[in-house]
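Inspection log for the structure reproduced underneath, given as structure tokens.
All of the numbers you see were taken from the coordinates with simple rules; none came from a lab. Everything numeric in this text was worked out from a predicted model, so none of it was measured. Quick reminder, even Gly has a Cβ in these numbers, built from the backbone with ideal geometry, and neighbours come from all protein chains shown.
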Amino acid sequence: MSASCSVDLTPAEKVLERYPAEEASLIQVLQDVHRAYNYLPCEVLVRVAETLHVPLAKVFSVGTFYKAFSLTPQGRTIVKVCTGTACHIRGAVQLLDELCRQLNVEPGGTTPDLGFTVKTVNCVGACAMAPVLIVDETYYGNAAAAKVGKYLKGSGGKADAN
Amino acid sequence: MSIENSGKPVTLTIDGKPVQAHSGEFLLAVAQRAGITIPTLCHHPALEPYGGCRLCVVDVTEEGWDGWCKMVIACQFPVKEGIIAFTASERVIETRRVVLDLLLARCPDTPLIQRLAREYGIEKTSYVPNPNPTDCILCALCTRVCDHIGVSAIATVNRGIGREVAPPYHQPPPDCIGCLACAEICPTDYIPYTTSSTSRTIWGKSFEMLRCPTCGRAHITVEQARHFAGHGGVSEDYFTTCDACKRKQMAGTFQRLQGVLPAAAPPAR
């Protein structure tokens, strides 16, 4: 597989011990593994495939299908910008631009210190408080580009990660 | 298919023609047996129905439905007594036209799709053509045949517009046995491969060929022989002889048994 990853498999083994070694366990195992590593490392996927007797192609297929899984390391804090229609009209683009500028990442990207990942979502169903920015589990309504630094500090992460 | 003959006999009507079937059989199979053509792209008689291409849509109604029709995909619709199916009603043709229009937008340069679309009166897609034309229609015949022979080296990855058929991590698949089943079943010849008397390459993985000891033709990869031997409980040697030579040997055996030819020692390996 890809040459450069060397990952401690112990957390994955611990997860695998808790589930029956069958295909039906796959998604739950992947969820727990994702929680343990904050992404799905390739060695872990190979190990999961072997243990559950599921072809690696199928594990990879599931791992790439669900938005909840990531094959690249995710930041400790996930920042989501809603880009739904209402948020778009009320300045989601400026919000996203400012966020990406401060963290020096592209949308969907992660800062090199694995502090933050910036994601866009299509609608969080809170259009009345558009534009919405979500830092981990905290929702900021009527979010302003000028306050992006404050929102990030509130998360406890390093706001000046660039 | 296993479902055949599993249910009780029923009579249904397809395009006004009474047809005998068994309950639970799929409408597409019943129609094909009755000589009624329904276009398909993702269907293969050797594989379970998939319902991916939506080209086999038909209208189904029943006595007492007051003329109301429901649109179903024939390949996955189990028949029952008394249903009335229309395979070429105006609504069905129009729906197929939309499906083909969309497929043509995805695959503007693919001859099979162009031909099918033309049959339904579409020369050019009414949608924005795919800026990165592909021949893959995501019918998943390749991944299903790979699963079916017990290899599962490839699968569909990602979702939505990014969905594609690929080996894990887009690397040469470790499980692939180089049987070319995926490339041969592909209706649009999308999967590239090279094969010669010495080697074969598919999905970026190279394979060594085995030669038939009788005729010398390179017809199978080492991995293929090993895979089939492991699954069938037959020795790998059995698979090194090509099918044509095996047939000849078997015919010789039968002739000897019937006394046509004098008994002889089996040909030396």
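Amide H to amide H, with H built 1.01 Å from N, B:ALA155 comes under 5 Å of B:ALA166, counting only residues 5 or more places away or on other chains. The label point for A:THR85 and the one for A:THR10, both projected 7 Å from the Cα toward the Cβ, are 5.2 nm apart.
Dipole of chain B computed with +1 at Lys/Arg Cβ and -1 at Asp/Glu Cβ about the Cα centre; of B:ALA155, B:ILE36, B:ALA85, farthest Cα towards the positive end is B:ALA155. Can you give the relative contact order of region B:86-234 as a percent, counting alpha carbon pairs under 8 Å and 6+ residues apart? Normalised by residue count, the contact order of region B:86-234 is 15 percent. About its Cα centre, the dipole of chain B is roughly 780 debye, where the only charges are +1 on Lys and Arg Cβ and -1 on Asp and Glu Cβ.
The mean count of C-beta atoms from other chains within 10 Å of the C-beta of residues in A:59-66, rounded to a whole number, is 6. Dipole size of region B:28-105 about its Cα centre, with +1 on Lys/Arg Cβ and -1 on Asp/Glu Cβ: approximately 260 debye, rounded to the nearest 20. For region A:116-121, the Karplus equation 6.51 cos²θ - 1.76 cosθ + 1.60, evaluated at θ = phi - 60°, returns couplings of 10, 10, 9, 10, 10, 10 Hz by residue, with Gly and Pro reported as x. Where the centroid of each part is defined by its Cα atoms, how far is region A:92-138 from region B:180-210 in Å? With region A:92-138 and region B:180-210 each reduced to a Cα centre, they are spaced 44 Å. Take each residue in B:142-148, count the other chain C-beta atoms within 10 Å of its C-beta, and the mean is 1.
Which pairs in the list A:LYS119/A:LYS153; B:LYS17/B:LYS124; A:LYS67/A:LYS150; A:LYS80/A:LYS150 are over 23 Å apart, alpha-carbon to alpha-carbon? Show your work: numbers first, answer last.
Numbers: A:LYS119/A:LYS153 18 Å; B:LYS17/B:LYS124 35 Å; A:LYS67/A:LYS150 28 Å; A:LYS80/A:LYS150 15 Å.
Flagged as over cut-off: B:LYS17/B:LYS124; A:LYS67/A:LYS150.
Our summary gives chain B a relative contact order of 11 percent, counting only alpha carbon pairs under 8 angstrom and 6 or more residues apart.
Helix B:90-106 against the longest principal axis of chain B: what's the angle in degrees, Cα atoms only, rounded to the nearest 10? On a 0 to 90 degree scale, this one is about 50. Considering chain B as a Gaussian network with a 10 Å cut-off on Cα pairs, which listed residue, B:LEU41, B:LEU116, B:LEU28, attains the greatest mean-square fluctuation? Taking springs between Cα atoms under 10 Å, the residue moving most is B:LEU116. Among the GluC sites (Glu not before Pro) in region B:155-220, which ones are in a DSSP loop with at most 15 other Cβ atoms within 10 Å of the Cβ? Mind listing them? Here no GluC sites (Glu not before Pro) fit, given the DSSP loop and packing criteria. Amide hydrogen proximity for B:VAL57: with H placed 1.01 Å from N in the peptide plane, the residues at 5 or more positions away or on another chain lying under 5 Å are B:ALA74. Rounded to the nearest 10 degrees, the inclination of helix B:222-232 to the longest alpha-carbon principal axis of chain B is 80 degrees. From helices alone, chain B scores -8500 deg cm²/dmol at 222 nm; the rule is -39500 (n - 2.57) for each run of n ≥ 4 DSSP H residues, then divide by the residue total. Proximity of backbone amide H atoms, modeled 1.01 Å from N, is registered between B:ALA218 and B:CYS212 at under 5 Å, excluding neighbours fewer than 5 places apart on the same chain. For chain A, the relative contact order comes to 19 percent (Cα pairs under 8 Å, sequence separation of at least 6).
With neighbours defined as other Cβ atoms within 10 Å of a residue's Cβ, the residues A:ARG76, A:ARG35 order from fewest to most as A:ARG35, A:ARG76. Largest GNM mean-square fluctuation among B:THR125, B:THR253, B:THR214, using chain B with Cα springs under 10 Å: B:THR253. Taking θ as phi - 60° and the Karplus parameters 6.51, -1.76 and 1.60, the scalar couplings of region A:138-145 work out to 8, 9, 10, x, 6, 5, 10, 4 Hz in sequence order, x denoting glycine and proline. Among A:129-135, A:119-125, sorting by the average number of other beta carbon atoms lying within 10 angstrom of each residue, highest first, gives A:129-135, A:119-125.
Couplings for region A:10-19, taken from phi via the Karplus curve 6.51 cos²θ - 1.76 cosθ + 1.60 with θ = phi - 60°, read 4, x, 5, 4, 4, 5, 5, 4, 7, 10 Hz in order; Gly and Pro are left as x. Estimated from helical segments only, the mean residue ellipticity of chain A at 222 nm is -11500 deg cm²/dmol, where each DSSP H run of four or more residues counts as -39500 (n - 2.57). Please give the average number of partner chain Cβ atoms lying within 10 Å of the Cβ of each residue in B:163-170, rounded to a whole number. Mean shielding by partner chains, rounded to a whole number: 5.
When only the Cβ of Lys, Arg, Asp and Glu is charged (+1, +1, -1, -1), the dipole of region B:141-255 relative to its Cα centre reaches about 160 debye.
Between helix A:56-65 and chain A there is an angle of about 20 degrees, using the helix long axis and the longest principal axis of the Cα atoms. Just want the answer: with Cβ charges of +1 for Lys and Arg and -1 for Asp and Glu, which residue in B:GLY252, B:CYS139, B:GLY67 is farthest toward the dipole's positive end in chain B? Farthest towards the positive pole: B:GLY252. Listed by Cβ neighbour count within 10 Å, with the fewest neighbours leading, B:LEU257, A:LEU30 appear as B:LEU257, A:LEU30.
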